[in-house]
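Just so it is clear, none of the values below were taken in a lab; they were calculated from the coordinates. Because the structure is predicted, anything quoted here is derived from the model rather than measured. Don't worry about glycine lacking a Cβ; one is built from the backbone with ideal geometry, like all the others, and counts go over all protein chains shown.
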Amino acid sequence: MAASQLKKASSVVPLSTDDSEMMEPVSVVPKKILLNPLFVSVKVACILALFGAVVLASNAALKQSPCDPANSCCIELTDAAGAKVEALERGQLWVSGVQAVAALLGLLLSGRRSQALAFIALTVGAANICMDAVVDAIFINAAPGDHSLKTNAIAHVVIYALLDLIGFIVLILGQLFLDHE
């Protein structure tokens, strides 16, 4: 009985090697993939937050007393100011770690969780920028006549703040576009 069923099954499937019976190819139109604006905005914000975390952490880890190469003199801080700078830089390293982890998780996850993590990463980034500004202010107060130090400090704080602000704007716009669809 099993042999007769096997013969029946094999006789049902015709095997043909004739090219005339083959089907003609069908053109396939690729389907347009529309990206969710919230998805894109979260990823952009997380990348900006991750970039800020890495740059500010490396800045805090490598920052030394600013020196004037022309005079070969470094800015001398008092013990209290030096301790405050050291504590702020150590805090920046911890905050940068939290910011980087939140940004990476925001990149890896999807949905509302990633949006919340992006907001957390950008908010922690704002605190990181504030700590960096306080460290720069301590160095500026220790060397009141050094205008290049003031210019550099103001420029990099403004650049980091703008990157953070762009991240917040992108997240809010992504949410607004999602609400209007």
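Highest mean first, the peptides 155-161, 42-48 sorted by other C-beta atoms within 10 Å per residue fall in the order 42-48, 155-161. A simple rule links phi to the HN-Hα coupling: the Karplus curve 6.51 cos²θ - 1.76 cosθ + 1.60 with θ = phi - 60°, which for segment 135-151 gives 4, 4, 5, 5, 5, 5, 5, 6, 10, x, x, 8, 6, 5, 5, 4, 4 Hz, with x for Gly and Pro. Sorting LEU122, LEU109, LEU162, LEU62 by the number of Cβ atoms found within 10 Å of their own Cβ, with the fewest placed first, yields LEU62, LEU162, LEU109, LEU122. Sorted ascending by nearby beta carbons within 10 Å, beginning with the fewest, ILE140, ILE172 become ILE172, ILE140.
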